[in-house]
Amino acid sequence: MRMSEAETDVFSAASACISETLAGITGLPVLPSEAEDILTISSRERHKWVQDGRLKSIGTRTVKLRGRARAVTFHVFDPRQIEAVLDGDLPAIWREEDAQALAETRRRAAGKAARTRAGNSQGKAGDARNAREDAPRTQLDGWDVFEAEGLLR
């Protein structure tokens with residue numbers, strides 16, 4: 001801020017007002033959209049991490065916006081906690097953990113699906129095989145000789 005030397009009283013008053021306002025800003029909670037911007041995360045990630053307890057909420061705020069029939073409630077965050085998350089580069093670590101968990105879940109689901117498919121196809125093939133074995137054998141002339149030579153194996 002610049003002012004002429006003749007206005008030192010005005011400068012001092014403005015400087016004191018600005019300092020007082022800035023001192024109060026550190027105590028204000030961080031809104032969800034601000035947290036997303038600061039941490040460069042998506043709203044889906046914010047919701048997931050709040051639900052998991054990784055991103056701590058200091059409470060909720062409810063506001064009635066113009067044009068909306070209902071009030072909107074959202075979580076707010078402590079600025080010091082947001083700063084700690086940012087300094088520790090925790091969003092990158094959390095994204096990596098989420099990717100590993102997703103890969104593990106997909107691997108487990110693929111294994112389960114493969115077991116289910118194997119069980120279903122084996123059951124159908126086994127049923128068909130059992131039906132053939134249980135069927136009465138027809139007695140054809142010379143069949144015993146043909147079967148004894150092992151030509152059907």
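Values quoted throughout were computed directly from the atomic coordinates according to the rules given, and no laboratory measurement underlies them. Since the structure is predicted, the reported quantities are computational estimates derived from the model, not experimental observations. Ideal geometry is used to build each Cβ from the backbone, glycine not excepted, and the neighbour counts take in all protein chains shown.
Write down the radius of gyration of the stretch 47-108 and its Dmax, each obtained from C-alpha positions, in Å.
When restricted to the Cα atoms of the stretch 47-108, Rg and Dmax are 15.8, 47 Å.
Please list, ordered by chain and number, the residues whose modelled amide H lies under 5 Å from the amide H of Leu55; skip anything fewer than 5 residues away on the same chain.
Sorted by chain and number, the residues that satisfy this are Val50.
Using a simple spin-label model with points 7 Å from Cα along the Cα→Cβ vector, what separation in nm is obtained for Asp98 and Ser121?
3.6
Per-residue HN-Hα couplings for the stretch 69-85, Karplus 6.51 cos²θ - 1.76 cosθ + 1.60 at θ = phi - 60°, whole Hz, x for Gly and Pro?
Once rounded to whole Hz, the list reads 6, 10, 7, 10, 10, 9, 7, 10, 10, 6, x, 5, 5, 4, 5, 5, 5.
Mind checking the dipole of the stretch 27-92: about its Cα centre, +1 per Lys or Arg Cβ, -1 per Asp or Glu Cβ, Debye to the nearest 20?
600
For the stretch 9-116, what is Rg from Cα atoms divided by 2.2 N^0.38 Å, rounded to two decimals?
Relative to the rule-of-thumb radius for its length, the stretch 9-116 sits at 1.57.
How far is it, in nm, from the label point at Thr8 to the one at Lys112 when both lie 7 Å from their Cα along the line to the Cβ?
The two pseudo-label positions are separated by 7.7 nm.
Label points 7 Å out from Cα along the Cβ direction at Phe74 and Asp87: separation in nm?
Roughly 2.6 nm, to one decimal.
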